[in-house]
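Data block below; observations after.
Each value in this text was obtained by applying a stated rule to the coordinates, not by laboratory testing. None of these values were measured; they are calculated from a predicted model. Note that we place each Cβ from the backbone using ideal geometry, even for glycine, and neighbour counts take in every protein chain shown.
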Amino acid sequence: MPRILAIDLPKEKRIEAALPYIYGIGLSRSRLILAQAQVSGDKRAKDLSEEEISRITSIIQKNFVTEGDLRREVNENIRRHMEMGTYRGLRHRKGLPVRGQGTRTNARTRKGKKPVVGHIIKKETPPATKPATK
């Protein structure tokens, strides 16, 4: 199982599809990295040589912000918006969608589970007795 930037890549996948397991690298960026490293995208991750892995790692480290640094940068940007009190920051603070989506019906991913309102517990009624017939 090849390790790139402290991430274990799935060994059975093609390297083109395995690189996006690194936070900050998608499919298009993966193809760009492989072209610069002169590695075929059809090669399986387990078949990479040490030299190919080191070329890919060096290209990623030189040209891209990934993993912990990228997560930290994104969180700092969100925190900055919240401190400034921008509209985006207020939406983040309230836990609502940030990018203009409506909230009247959907947005359950951001808003969470619906609160239960007016939960009524029905009282148990005794079974009705039939009048005696003669």
Label point at Asn75 placed 7 Å out along Cα→Cβ; residues across region 1-32 whose backbone nitrogen lies under 17 Å:
23-24
Per the helix-only model, the chain has a calculated mean residue ellipticity at 222 nm (DSSP H runs of ≥4, -39500 (n - 2.57) each, divided over all residues, rounded to the nearest 500) of -13000 deg cm²/dmol
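So how do 70-79, 27-36 stack up, highest first, on mean other-Cβ count within 10 Å? Display every interim value, and only then the final one.
Numbers: 70-79: 12.2, 27-36: 16.1.
Packing order, densest peptide first, comes out as 27-36, 70-79.
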Report, to the nearest 10°, how far helix 50-63 tilts away from the longest principal axis of the Cα atoms in the chain, using its own Cα long axis and a range of 0 to 90°.
70 degrees
Backbone HN-Hα couplings from phi across region 118-131 [Karplus 6.51/-1.76/1.60, Hz, Gly and Pro as x]:
x, 6, 10, 9, 6, 7, 6, 9, x, x, 5, 9, 7, x
What is the helix-to-structure angle for 67-84, meaning the angle in degrees between its Cα long axis and the longest Cα principal axis of the chain, kept from 0 to 90 and rounded to the nearest 10?
50 degrees
Give me the angle, in degrees from 0 to 90, between the Cα long axis of helix 27-37 and the longest principal axis of the Cα atoms of the chain, rounded to the nearest 10.
10 degrees
If every alpha-carbon in region 3-64 counts as one equal scatterer, what log10 I(q)/I(0) does Debye give at q = 0.15, 0.25, 0.26, 0.29 1/Å?
-0.34, -1.10, -1.22, -1.64
So if we plug the beta-carbon distance of Ile7 and His119 into 1/(1 + (r/R0)^6) with R0 = 41 Å, what FRET efficiency do we get, rounded to 0.05?
0.35
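Students often check this: by mean Cβ neighbours within 10 Å, which of 47-55, 98-106 ranks highest, and how do the rest follow? Mind dumping the intermediate values first?
Details: 47-55: 14.4, 98-106: 9.1.
Ranking, from highest mean packing down: 47-55, 98-106.
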Equivalent ellipsoid semi-axes for the chain, as square roots of 5 times the alpha carbon gyration tensor eigenvalues: give them largest first, rounded to whole Å.
54, 26, 12
Name the residue, out of Lys122, Lys62, Lys113, whose mean-square fluctuation peaks in a Gaussian network model built on the chain with Cα pairs under 10 Å.
Lys122
Lysines near Lys94 by alpha-carbon distance under 22 Å, same-chain residues fewer than 8 away left out - which ones?
Lys111, Lys113, Lys114
How about Lys43: which lysines have a C-alpha closer than 24 Å to its C-alpha, ignoring those fewer than 8 places off in the same chain?
Lys11, Lys13, Lys62
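How high is the FRET efficiency between Thr103 and Ser28 when r is their beta carbon distance and R₀ equals 35 Å, given to the nearest 0.05?
Numbers: r = 32 Å, r/R0 = 0.91.
FRET efficiency, Thr103 to Ser28: 0.65.
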